[in-house]
Amino acid sequence: MKIYFIMILFLVSSTNALWCQQSIIKGKVVEAITNKPIENASIQIKKPNEIVNSDIDGNFTISAKIGDVLIIRHLSFESKEIIIETSKLFIYLDVKHINLENIIVEADVLKDLSQSKVVVDHVKSTTQPRNVSDLFRDIPGFGIQKRGAYASEPFFRAFKYEQLNVQLDGGMKILNACPNRMDPITTHIISDEIERIEVVKGPYTMRFGPNFGGIVNLVSRNPNTLANGIHGDVEAGYETNGDNLSTRGSISYKTDQFDISLNGEYRDYGDYEDGDGTVVPSSFKSTDYSVKLGYNPTEKQRIQLSWRQSFGRDIKHAGLPMDSPYDDSFLAGLDYKVTDISDLISSFSVKGFYSDVDHLMTNENRPSFKMTEAASNVFSTTYGGKTELVLTPNDNLFIYTGVDANLIGREGDRERTVKIMNGNTLATPKIFTDKIWQDSKLNDFGVFVEGKYRLTNLFTLTAGLRSDFVNASINDAELDFLQLYGGEIGDSNETNISGTVSLKYKSEDAQVQIALGRGVRTASMIERYINHFSVGVDPYEYVGNPNLDPEINNQIEISFNKRFDKIEVGASVFYSLITDYIVPVVDENISRKFMPSAQPTFAKRFINIDEATQSGFEFYFNYEINKDFKFTTDISYTYAQNEEYEEPLPQITPLTAHAGLQYEKEKFWTRLNSRFVAAQIRTSESFMETASNDFATFDFSIGFVPIENLTVGASVLNIFDTTYYEHLNFSYQNSDLLSGRIFEPGRNFTVKVNYKF
């Protein structure tokens, strides 16, 4: 018996020694379908971070032990993790689909962007957002400015409007035609078509157009990633607060070489009630559809055509003096990309797009209609594109170089019919035409180069440079605008230089980055050419300035994240020095033009100030209680100051925190989310900004899959029926009341049903 015990102990000890002993592991990496060997695949042991590459025949050897985890990567194939169970390995990799929409590649340090993050990715949704901007509500650092339930757009830290580069699918754009921004890009896209949102948190890449305060890339669904065959889904949603109905459907067909997808959506939303039961005018109807056609001539090439149209009808804007009987837009894009051209040339891509917006706003449902009928039909066209060449002189260096262009044109007038009373009799009305955009153009042609160099297995250096050649012109100036600037306004030409450098440390469970960037933004069309229009939250008329200098953002950011066994923690700290910051200020040399007897009697004009600053942080903490149950929390804050006027910058989101619990199984999930927003007492006096109160909201959602392919979700939003408003919301002007705030919806019950086939 003693001998048997000794033999068993010896066998266990020997097995354990063999298991732990370091040995030479041999393997071969091949393509999954063709069994062709894959050269230069990266094979890495997960913990020690040792890396070797496969040879021309796909073979490799690495010093490892049984039980180690290997990570296998290649630029043209999907990454894979395997556990070593034998000393001889045969590894199959799937071909990576060519993706034309994404700008962030998470799995490769030589293709990742500095200070970037995917913030929405395959979210289990139980509600239908009114606007794509609603997807940003729970993202640290972001706020949402609402001019109405339909017209809202994201703010990031102290940056807004043209200070953010918001684009669709890696470069396409739709720009607002309305000077009051009733129709930003977020109103022209199907919310449920957005698969993920990618954010670059500052001027830390030069490759995707002018980048002043950051890039937001809205990524739509890509049919090229689906399996061959027919796929589709239909869904319907209903919300009690507003009697809101939404319907959507999609269908896709894919083969090895060809794919096509069609998405469509119809929404009919009513006026909602706030927590006190007050009705907020917010109704609208919208019909949207999009089409994508893709063709793969070879496994290394892809051509894609996209087309989308949006039709908004009967849109109420609670925070603006006019509504929109209609808002129509279309966007067409054409992409081509070829990869693995040679040892030196990794890829070559071309992107082109064209969009236009036809927007009408009227005051027929407003108190002012009794005295003056006003209708503004305005148009915006945007077209451009990008060509990029990616060079790989060696395995540790990527060089991105190319050119891009964005050409913007806006036109349209306001027709006013002024009703004049002669006693109790209506005299012959007077008709006036006011030039809104004065047929202005703003063209930007850019040249860029950006390099990423792997210093070691853990450290990557990025450096980039960009030059933008800007031309702005006004072709049909109003007489008083011409006289204000000496009787003649010539074209404005600028050459703006931007740059960035960053260092990233990245291991399997930790990442640290430090990034410096200089981003330059040319003045927008509103800032240059608007002529006596109320485009702010205050009652002033605004006047443009064609002689503005471009803004310059000098920003530094340090960030880290670390993953432990069940805990993930991360933070960012940033600081910006902005020179030649553009602000509107009261100019007592310019009198009010329309209703001159009304207050205020002077107009505001855009000028440059020497300096503005912003600083702040974002922090998150996630804890996996078990494999199905997770706790998440984050907090963010931005402090921004107008150094010349010694006052805060306006429209800054207050200190905001989120906390959530989520339980997820394969066929069932539930979530409890909370949002805590502090009062904003740092307000801009020159902007006539008022302080806002603190508030907290709680939402609960549940979803399950009762049968295969059918998903049912429901939620209760604003559980405690809190009456609150966001600090960034515009004033309430959609009734006889001329002041106040747009309050957010009170308690809202929602249900959403989706069936996939």
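The values are calculated or read from the model by the stated rules, or taken from the named source; none is laboratory data. What you see is a predicted model, and the numbers here were worked out from it, not measured in a lab. Counting neighbours? That spans all protein chains shown, and the Cβs are built from the backbone with ideal geometry, glycine included. Ligands, DNA and RNA are stripped out before the accessible areas are found, and what is left, the full protein with its side chains, is counted by its heavy atoms. Shrake-Rupley method; radii C 1.70, N 1.55, O 1.52, S 1.80 Å.
Take the alpha-carbon centre of segment 362-431, take the same for segment 595-638, and report the distance between them in whole Å.
Answer, in whole Å: 26.
Which FRET efficiency value, to the nearest 0.05, is calculated for LEU407 and PHE348 with the Förster distance at 22 angstrom and r the Cβ-Cβ distance?
That pair, LEU407 with PHE348, gives E of 0.45.
Read through the labelled values [x] 28.4, 122; [y] 25.1, 79; [z] 27.2, 97 and report the label of the one computed as Rg and Dmax of the Cα atoms in Å from the structure.
Recomputing Rg and Dmax of the Cα atoms in Å here gives the entry labelled [x].
Using only helices, what value at 222 nm comes out for the chain when you add -39,500 (n - 2.57) per DSSP H run of length 4 or more and divide by the total residues, to the nearest 500 deg cm²/dmol?
-1000 deg cm²/dmol
Roughly how many Å is it from the Cα centre of segment 294-317 to that of segment 124-184, as a whole number?
One Cα centre to the other: 19 Å.
Looking at the calculated P(r) for segment 587-714, what percent of the C-alpha pair distances fall above 24 Å?
Pairs farther apart than 24 Å: 56 percent.
Against the longest alpha carbon principal axis of the chain, how many degrees, from 0 to 90 and to the nearest 10, is the axis of helix 2-20 turned?
With both axes taken from Cα atoms, the answer is about 40 degrees.
Mean separation of Cα pairs under 8 Å and 6+ residues apart, divided by the residue count of segment 182-291: what relative contact order is that in percent?
Here the relative contact order equals 19 percent.
What number of lysine-lysine pairs in segment 622-757 show an alpha-carbon separation below 18 angstrom, given a sequence spacing of 8 or more or placement on distinct chains?
6
Which percent of the accessible area of the chain is formed by carbon and sulfur heavy atoms (probe 1.4 angstrom)?
On the chain, the fraction of accessible area on carbon and sulfur atoms equals 58 percent.
So how exposed is LYS756, as accessible area in Å² (1.4 Å probe, rounded to 10)?
120
Compute, for segment 191-289, the length of the dipole vector about the Cα centre, with Cβ point charges of +1 (Lys, Arg) and -1 (Asp, Glu) only. Units Debye, rounded to 20.
In total the dipole reaches around 660 debye.
For the chain, with only Lys/Arg (+1) and Asp/Glu (-1) charged at the beta-carbon, what is the dipole magnitude about the Cα centre, in debye rounded to 20?
Dipole about the Cα centre, nearest 20: 1880 debye.
Find which of ILE652, GLY703, PHE743 sits farthest along the positive direction of the dipole of segment 634-757, computed with +1 on the beta-carbon of Lys and Arg, -1 on that of Asp and Glu, about the Cα centre.
It is GLY703, whose Cα lies furthest towards the positive end.
Any idea what Rg and Dmax come out to for segment 642-742 if you just take the C-alpha atoms, in Å?
Over segment 642-742's Cα set, Rg and Dmax evaluate to 19.4, 63 Å.
Please arrange TRP669, TRP307 by accessible surface area, largest first, computed with a 1.4 Å probe and ligands excluded.
Of TRP669, TRP307, the descending order of accessible area is TRP307, TRP669.
Can you return the lysines within cross-link range of LYS88? Criterion is Cα-Cα under 24 Å, with same-chain partners fewer than 8 residues away left out.
LYS26, LYS28, LYS36, LYS46, LYS47, LYS65, LYS80
Using mean Cβ contacts within 10 Å as the protection proxy, how do 744-751, 274-281 order, highest first?
744-751, 274-281
With θ set to phi - 60° and the Karplus curve 6.51 cos²θ - 1.76 cosθ + 1.60, what are the ³J(HN,Hα) couplings of segment 583-589 in order, to the nearest whole Hz, using x for Gly and Pro?
9, x, 10, 5, 10, 6, 8
Mind checking the dipole of segment 509-607: about its Cα centre, +1 per Lys or Arg Cβ, -1 per Asp or Glu Cβ, Debye to the nearest 20?
So the dipole magnitude of segment 509-607 works out to roughly 140 debye.
Ranked from the most accessible area to the least, with a 1.4 Å probe and all protein chains present, what is the order of HIS74, HIS727?
HIS74, HIS727
Which of SER349, ALA374, THR387 sits farthest toward the positive end of the charge dipole of segment 329-400, with +1 on the Cβ of Lys and Arg and -1 on the Cβ of Asp and Glu?
ALA374
Just to make sure I understand: if all protein chains stay in place, what is the order of PHE629, PHE77 by accessible area at 1.4 Å, largest first?
In descending accessible area the options line up as PHE629, PHE77.
Excluding THR656 itself, calculate the net charge of residues whose Cβ lies under 9 Å from the Cβ of THR656, where each Lys or Arg counts +1 and each Asp or Glu counts -1.
Within the 9 Å Cβ shell, the charges total 0.
Determine the relative contact order of the chain: mean sequence separation of Cα pairs under 8 Å and six or more apart, normalised by residue count, in whole percent.
Relative contact order here is 11 percent.
Name the long-range amide H neighbours of VAL166: under 5 Å, sequence gap of 5 or more, or other chain; modelled H, no Pro or chain starts.
Amide H neighbours of VAL166: VAL216.
Please report the spacing between the Cα centers of segment 449-487 and segment 523-548 in Å, no decimals.
Result: 21 Å between the Cα centres.
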